[in-house]
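Submitted below is the structure of interest, expressed as C-alpha cells.
The values are calculated or read from the model by the stated rules, or taken from the named source; none is laboratory data. This structure is a prediction, so every number in the text was calculated from the model and none was measured. Neighbour counts run over all protein chains shown; Cβ positions are idealised from the backbone, glycine included. With ligands, DNA and RNA removed, areas are computed over all heavy atoms of the protein, side chains included. Shrake-Rupley method; radii C 1.70, N 1.55, O 1.52, S 1.80 Å.
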Amino acid sequence: MRAWAWVGLMAWVGVAGPALGQGSADQVPRSTADVPLIAVEDDWPPFAWVPQPGAPVQGFAVAVVRRVFQDAGVAVELRAVPFGRCMHEARTGAVAACFNALQTAENKSDYLWHGMPIFYEPLAIFARDTGAPARPVGRGDLAGHSVGYHQAYHYADWFTQDQAIRRVPAGSDLALLQMLQRGRVDYVMFGASAGAWRLRTEATLRGARIRKVGEEPSGDGFWMAFSRQHPESPRLLQVFDRALRELQASPAYRELQRQHLPGVVP
C-alpha cells in the first residue's frame, strides 16, 4: 500500500507503450532484449494510474521512476497491474520490483528497500460533511467507530493493530469514498492528495458532502519494493537509490511535482 506524510516527492522518466498481457506496459528506454520488468499499481491517481484500458500508466510516481532510470542510463519496462498483484509479483520474483509500497513490520523483510522514499503522502481521515468539528479528528478518535480502508494496501501498524477500531474493507479508493458517501462507515483512511483528486474528478462523487477532517503527520513514505528473488534486483536497487537521491537534490524534482500534482503542489 502506501505511506503517509506531506508530498515531498521524487523522479520521472519517458513514457510510451501498449497494453501487455493483463497490464499496461511501457519502456524506459529499451536498449536490450532482456529488459527488467517493474510493476506499478494501476489505480492510485495522481501518483500512478491507467486512465483507460490499453493506455500507458501515468502519474507523479511513474514520472519520477522513469526519470530516475533514464538519468541512470538503465533500461527498464513498466507494467501496470492491481496493487495486490504488483506486490505479489515482486515478492515471488516475477518482476524485479513494485511501486508504490509502504514499509511496515509485516512486509519489511519480504523485499529489498532503497534509502529514501520516492515521495511522501499524508494519511488523511475523511468523513461526511456535517459541519465543522470542534477540532481535527486524529487516530485517538477512531476507537469505537467504523473506518473504511483499502483491503489490498498496507496500513501503519497503529491502525491495523488497534482492536477498538471497526475496520471495514473496500476494493478500491473510489469504493471507499462511495461507501462513506452512503453512510456505511463513519470515516475512511485515505491519502490526502489522492482523496482530494478523487473528490475533484470522479463524476459519481460530484456534489458529495465529504471532506477531510484530520491528517496523520507521519514520516512514512512510499518506496519501490525490490524483489529478493529476482536476479536483477540488487543491481537495480543500487542504481535506483543513487539516481533518486540526485534527482531529489535537483530542481527537476520540484518541477515534476508542479507538472503532475496540479492543485496539490503550488
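Taking only C-alpha pairs under 8 Å that are 6+ residues apart, what is the relative contact order of the stretch 164-250 in percent?
Relative contact order of the stretch 164-250: 17 percent.
Using a 1.4 angstrom probe on the protein heavy atoms only, line up L174, L256 by accessible area, largest first.
L174, L256
Moving to a separate point now. Taking the simple approach of a point 7 Å from Cα along Cα-to-Cβ for both R254 and D162, what is their distance in nm?
Between R254 and D162, the label points sit 3.5 nm apart.
Okay, moving on. Take every Cα pair under 8 Å in the stretch 88-238 that's 6+ residues apart, average their separations, divide by the length, and report that relative contact order as a whole percent.
47 percent.
Further question on the same structure: For the stretch 77-209, just the Cα set please: Rg and Dmax, both in angstrom.
16.2, 50
Could you work out how much longer the chain between E246 and R182 gets when fully extended? Use 0.36 nm per residue separation minus the Cα distance between them, nm to one decimal.
This chain segment gains 18.5 nm when fully extended.
Size of the dipole of the stretch 39-138 about the Cα centre, Lys and Arg at +1 and Asp and Glu at -1 on the beta carbon, nothing else charged, in debye to 20?
120
For the ranges 175-181, 141-147, what's the packing order if you count other beta-carbon atoms within 10 Å of each residue, average per peptide, and put the highest first?
175-181, 141-147
How far apart, in nm, are two points set 7 Å out from the Cα along the Cα-to-Cβ line at L205 and at L174?
Using points 7 Å along Cα→Cβ, the separation is 1.1 nm.
Subtract the Cα-Cα distance of K108 and A94 from 0.36 nm times their separation in residues, and report this length gain in nm to one decimal.
Result: 3.2 nm gained on full extension.
OK, next. Just to make sure I understand: if all protein chains stay in place, what is the order of W223, W44 by accessible area at 1.4 Å, largest first?
Listed by decreasing accessible area, they come as W223, W44.
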